[in-house]
Amino acid sequence: MNVRELALDTLLAIEQKGAYSHLQLNEAIQKGRLDGRDAALLTEIVYGTVQRRDTLDYYLAPFLRKARRLEPWVRVLLRLTLYQMVYLNRVPDHAAIFEAVEIAKRRGHRGIASFVNGVLRTIGREGLPSLEAIHDSGKRLAVATSHPEWLVRRWIGQYGFEETARMCETNLRPPQSTARVNRLRATVEEALDRLRAEGMAAAPGHLAPEAVRAEKGNLAHTQAFRAGWLTIQDESSMLVARALDPAPGERVLDCCAAPGGKTTHIAERMDGRGEVVAVDIHEHKVMLIEQQAKRLGLDNVATLALDSRRLGERFAPESFDRVLVDAPCTGFGVIRRKPEIKYTKGKDAIAALVEIQQAILRAAAPLLKKGGTLVYSTCTVEREENEDAIARFLADHPDFFLDASLAERMPKPVQPHVKGGMLQLLPHHFDSDGFFIARLRKRV
């Protein structure tokens, strides 16, 4: 199969089977045995088509009014071809249309191929419908940036129209590729020198002091990564261990820890001394944490497969110096990395996750020593899961309070975004993932 046929199958798996885009894409690249150039084109088509699905459907709608029932694969084929015509300058329209027609012939019959050809060539002649025809500004923003209207209106209520618009527009751009340098094996300068020697175009991160970013190439495919010098992690996520600020020799609990990025960062900041207990509900994900720790040369990580709502069954009260609750969440801060989640998670998901988050906090709180630190983090921008969740927890746990020292523990560019012991980063603030961090202390 060629790149576009692989893209069609990948997109169908994401839409119909609920497959994760990044996993399905990796499988397609291996299945097609694609070289770097074709893998990059496949990645662009798949991610771009998912990211802009609703915009593409808006553009297609006037040209499909007379069509009878459209088979799902035909609609997806039209979407991915129109994506190339509108957004990929390096792909000539006639080439994209030709490929689509050939795929339609192989998948369907001459009538479907003729239909696909007719729709795409008519769009080429007549142009796209204007988004300005949508008079409601909230709906227009939703269609223009391909976000569900309910979610856009929700964010407008929380952040205002301009901030929401910037966030939605940023969500359409490819994410920055960054990694954390293992301080026990190298400095940032040494890691950069090694990456450059391997032919990577790399530079220091913009936000976290321990970060490097790839300007070209894949950091996970380097010898530096295999040697345990690097962990693939977004810069905003690197701020969590900095907020927790563990000390060598302490005992730290990391709830919901898989795949282990924050666990291993905590262990590194402890200079490999003390103990980090990493808990996750899934056995196979616990194995990922163990693999990470081994690759990085960390001996101070212990793992346990356990539902974090049942922590009290395995650990004694006040047995940890610090606790991290990196809670399950909607993930609306990482839409650039997992674009399908903006279509698959609805309002009900928020309400259900809020209850899980509170249950984990309730289970973790008694395990923290008096005077200890608890950090709560999520990769979402939803206030109900973030600021509101902390307010609810504090109302039920008067022995905890927000720690205003969070600001001084953050890099200078981040400090203005810290409000009373809480930090909310939106994707457009630093071209990073959207992330929330709250630092709490337990009264003595």
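The values are calculated or read from the model by the stated rules, or taken from the named source; none is laboratory data. All values derive from a computational prediction rather than experimental measurement. Virtual Cβ from ideal backbone geometry, glycine too; neighbours counted across all protein chains shown. Quick note on the areas: whole protein, heavy atoms, side chains included, nothing else; ligands and nucleic acids left out. Shrake-Rupley method; radii C 1.70, N 1.55, O 1.52, S 1.80 Å.
Key figures
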item	result
Those residues of the stretch 298-323 which are open to solvent by 40 Å² or more (accessible area, probe 1.4 Å), in a loop (DSSP other than H, G, I, E, B) and either small (Gly, Ala, Ser) or modelled with pLDDT under 95 (or both), in sequence order	ALA316
Any chance ARG37 is modelled with pLDDT of 95 or more and open to solvent by 40 Å² or more (accessible area, probe 1.4 Å)	no
Strands (runs of 3 or more DSSP E) contained entirely in the stretch 202-279, each with at least 2 residues that are within 24 Å of ARG441 (Cα to Cα), in contact (Cβ under 8 Å) with a residue 40 or more places away in the chain and open to solvent by less than 10 Å² (accessible area, probe 1.4 Å)	251-255
Residue ranges of helices (runs of 4 or more DSSP H) in the stretch 1-118 with at least 1 members β-branched (Val, Ile, Thr) and under 28 Å from LYS139 (Cα atoms)	3-17, 36-51, 53-60, 72-87
Qualifying residues in the stretch 57-80 (those that are closer than 21 Å to LEU6 by Cβ and in contact (Cβ under 8 Å) with a residue 60 or more places away in the chain) - the one surrounded by the most Cβ atoms within 10 Å (Cβ to Cβ)	LEU77
Selection from the stretch 173-194 of residues that are touching a helix residue (DSSP H, G or I) at 6+ places or on another chain (Cβ under 6 Å), more than 15 Å from ILE232 (Cβ to Cβ) and among the β-branched types (Val, Ile, Thr)	none
Residue in the stretch 13-28 that is nearest to the chain's Cα centre (by Cα), counting only those that are within 17 Å of LEU80 (Cα to Cα) and open to solvent by less than 60 Å² (accessible area, probe 1.4 Å)	SER21
Residue in the stretch 119-134 that is open to solvent by less than 70 Å² (accessible area, probe 1.4 Å), modelled with pLDDT of 95 or more, basic (Lys, Arg) and over 17 Å from ARG53 (Cα atoms) present	no
Subset tally (residues that are open to solvent by 40 Å² or more (accessible area, probe 1.4 Å) and in contact (Cβ under 8 Å) with a residue 12 or more places away in the chain) for the stretch 280-290	6
Residues being open to solvent by 20 Å² or more (accessible area, probe 1.4 Å) and over 23 Å from ILE14 (Cα atoms) - total across the stretch 81-104	7
Residue under evaluation LEU296, criteria (1) out of contact with any helix residue (DSSP H, G or I) (no Cβ under 7 Å at 6 or more places or on another chain); (2) over 30 Å from HIS428 (Cα atoms); (3) not β-branched (Val, Ile, Thr), criterion not met	(1)
